Amino acid sequence: MAKFLTNREENYSQWYNDLVIKADMAENSAVRGCMVIKPYGYAIWEKIQAELDKMFKATGHVNAYFPLFIPKSFFSREAAHVEGFAKECAVVTHYRLKNSPDGKGIVVDPEAKLEEELIVRPTSETIIWNTYKDWIHSYRDLPLLINQWANVVRWEMRTRLFLRTTEFLWQEGHTAHATREEAQEEALKMLNVYADFVENFMAVPVTKGVKTESEKFAGAIDTYTIEMLMQDGKALQGGTSHFLGQNFAKAFDVQFTNREGKLDYVWATSWGVTTRLIGALIMAHGDNNGLVLPPKLAPIQVVIIPIYKGNEQLDTISSIALDLKAQMEEAGLTVKYDNRDTQKPGFKFAEYELKGVPVRLAIGPRDAQEGTVEVARRDTLTKETIRKEEVVQHVKALMNDIQQNIFRKAAEFRKMKTYKADTWEEFIDIIENRGGFVMAHWDGTPETEEEIKNLTKATIRAIPFDTQDEEGTCILTGKPSHRRVMFARAY
RNA sequence: CGGGGUAUAGCGCAGUCCGGUUAGCGCAUCUGGUUUGGGACCAGAGGGUCGCAGGUUCGAAUCCUGCUACCCCGACCA
């Protein structure tokens with residue numbers, strides 16, 4: 001686990017603040033819990049966006065944009081939804097300020113009170129379904145497959161850097177279908193898109209499953225989830241996809257004429273992932289030297305650092321470096337040549353390790369003379385000397401190696417940290433002392449789930465898709481159970 | 001909202017118990033020089049109304065009162 005994220009005793013703050021991701025909380029109390037994402041961190045988000053967006057398009061989705069503000073009354077249309085979100089809404093009550101009558105500063109103009117308060121969206125189901133009402137009349141208008149890239153606000157009681165910020169960036173897909181089957185299929189399809197993305201691009205293994213009644217999205221029939229395991233043994237919910245049934249269609253009266261000429265309510269899904277994925281990346285792969293980014297998402301894949309004395313040497317080395325850079329770019333790699341004269345090589349080495357750049361090339365006078373390059377990989381921190389002519393091929397291969405290696409490391413870690421518990425004592429021991437995922441029997445009742453949570457802080461992260469039916473007895477109550485579910489302490 | 005903690009330079013801290021020169025240290029910044037194959041070194045410089053408001057005192061970063069903010073733990077959650 002990255003020291004600079006978890007160990008505040010260590011003096012990593014200089015780096016932590018100045019450099020990498022600086023998702024630091026804004027200091028002004030009025031924007032408490034909101035994050036500033038510095039350029040490098042945002043570049044990672046842009047990579048995530050770009051790859052996901054391609055996958056959405058490839059599955060037939062298009063992007064659109066809906067309003068930030070949602071009339072308060074929209075929320076109360078769907079009972080479970082309002083129940084779930086009411087406690088964490090930012091509310092706009094006025095639309096104007098004026099000079100304070102006492103001459104000191106500026107105050108909210110009481111004259112400018114809104115007739116109906118506006119909610120800053122915590123999620124957009126309501127405003128979108130209010131719009132879909134006008135867009136959908138016939139089976140010919142379906143399916144409607146729309147995604148939105150946006151920011152949302154949830155006034156959580158407690159925020160956590162990256163993982164739970166007051167404002168966060170995300171994408172939310174909202175689809176409408178003619179049949180139940182089609183909507184269910186869509187919800188699962190998008191869950192699989194997320195799982196593919198997280199495993200193949202982020203190099204983090206996921207467990208796919210369905211949420212329990214008490215953990216599911218407010219307003220959903222079923223919530224599907226991908227769960228990841230972080231290096232500190234805690235679970236992180238990486239993305240969710242909801243089968244919403246006809247709940248929102250009924251709440252917003254979205255009916256269509258089907259092929260038989262009869263009126264029916266539309267079937268819906270929604271699904272989203274957030275900037276939390278950046279946090280997942282850090283906590284799944286980071287080490288004591290900083291980030292370890294998977295090559296497929298690294299804003300800089302290769303950095304070249306010259307080692308030289310004087311301008312003459314620099315010129316020689318630069319021409320080699322720029323030539324290599326051009327070749328690698330030709331081969332599709334993102335390359336940075338850092339010829340800053342203001343920092344020494346050792347400083348740069350440390351800096352790019354902290355940034356998680358997968359491969360570093362160093363070229364010095366010795367290399368210039370011998371036609372070699374020093375190649376260092378971030379995941380293993382190993383170095384080797386390669387002939388200049390072989391560098392492009394070698395680095396290209398390294399991209400694959402590193403991508404696979406960090407996935408394998410994460411997968412091995414997860415395997416090691418996934419336990420079976422058959423007794424309450426075992427269960428407590430694992431949760432308290434070892435962390436990780438615990439596969440255990442549960443009697444299926446929300447009461448037992450709640451009790452286990454109160455006793456251990458562990459929750460049911462998912463009822464995984466890939467577990468076998470198995471007879472057993474509930475870890476807490478001893479009542480019969482037909483299947484194990486996955487418990488963990490979670491972020 | 002409950003429990004605990006903190007507030008001193010851009011960042012991280014010491015000093016506060018036991019009031020007393022001009023409030024220190026590390027990193028960062030700037031200047032000059034020497035350096036450059038793993039976070040350079042030497043010399044010098046700049047940067048503070050000690051969270052805010054009162055009070056006690058000849059004298060307050062230090063003691064007292066009130067306030068505010070932030071952090072950690074919990075309830076809540078992507």
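The values are calculated or read from the model by the stated rules, or taken from the named source; none is laboratory data. Predicted model only: the values in this text are computed from it and were never measured. Backbone-built Cβ (ideal geometry, glycine too); neighbour counts: all protein chains shown. Areas reflect the complete protein model, heavy atoms only, side chains present, ligands, DNA and RNA absent. Shrake-Rupley method; radii C 1.70, N 1.55, O 1.52, S 1.80 Å.
A few comments on the model shown:
- Set side by side, the residues A:L361, A:L398, A:L354, A:L381 differ, and just one is more than 10 Å from RNA strand B (Cβ to nearest atom) and either surrounded by 14 or more Cβ atoms within 10 Å (Cβ to Cβ) or over 14 Å from A:I300 (Cβ atoms) (or both), which is A:L398.
- Members of the range A:430-444 that are of a type outside the set (S, T, N, Q) and open to solvent by 60 Å² or more (accessible area, probe 1.4 Å): A:E432, A:R434
Okay, residues lined up against (1) buried (at least 22 other Cβ atoms within 10 Å of the Cβ); (2) more than 17 Å from A:Y194 (Cα to Cα); (3) touching a residue at least 24 places away in the same chain (Cβ under 8 Å):
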site: A:E215; (1), (2), (3): no, yes, yes
site: A:I226; (1), (2), (3): yes, no, yes
site: A:K234; (1), (2), (3): no, yes, yes
site: A:G238; (1), (2), (3): yes, no, yes
site: A:G245; (1), (2), (3): no, yes, yes
site: A:T257; (1), (2), (3): no, yes, yes
site: A:E260; (1), (2), (3): no, yes, no
site: A:W271; (1), (2), (3): yes, no, yes
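- Screening the candidates A:E412, A:E390, A:E451, A:E471 for the property of being open to solvent by 90 Å² or more (accessible area, probe 1.4 Å), within 16 Å of RNA strand B (Cβ to nearest atom) and without any contact (Cβ under 8 Å) to a residue 60 or more places away in the chain yields one hit, A:E390.
- Set A:V292, A:V335: member being touching a residue at least 60 places away in the same chain (Cβ under 8 Å), surrounded by 13 or more Cβ atoms within 10 Å (Cβ to Cβ) and either closer than 27 Å to A:N405 by Cα or not basic (K, R) (or both): A:V292
- The set of residues in the range A:138-155 that are outside any strand (DSSP E or B), within 22 Å of A:E185 (Cα to Cα) and either at pLDDT below 95 or not hydroxyl-bearing (S, T, Y) (or both) comprises A:R140, A:D141, A:L142, A:P143.
- When the range A:273-289 is filtered for residues that are among the hydroxyl-bearing types (S, T, Y) and open to solvent by 10 Å² or more (accessible area, probe 1.4 Å), only A:T274 remains.
- Looking only at residues of the range A:113-137 that are among the acidic types (D, E) and part of a helix (DSSP H, G or I), we find that the one that is nearest to A:A268 (Cα to Cα) is A:E125.
- Which listed residue is among the small types (G, A, S), near RNA strand B (Cβ under 6 Å from one of its atoms) and over 23 Å from A:I406 (Cα atoms), from A:G371, A:G346: A:G346
- Only one of A:E227, A:E213, A:E186 that is acidic (D, E) and at pLDDT below 95: A:E213
- Filtered by the rule that a residue be more than 8 Å from RNA strand B (Cβ to nearest atom), open to solvent by 10 Å² or more (accessible area, probe 1.4 Å) and aliphatic (A, V, I, L, M), the range A:160-180 gives A:L169, A:A178.
- Where strands (runs of 3 or more DSSP E) sit wholly within the range A:188-257, those with at least 1 residues that are in contact with a Ser or Thr (Cβ under 9 Å, 6 or more places away or on another chain) and away from RNA strand B (no atom under 16 Å from the Cβ) occupy A:255-257.
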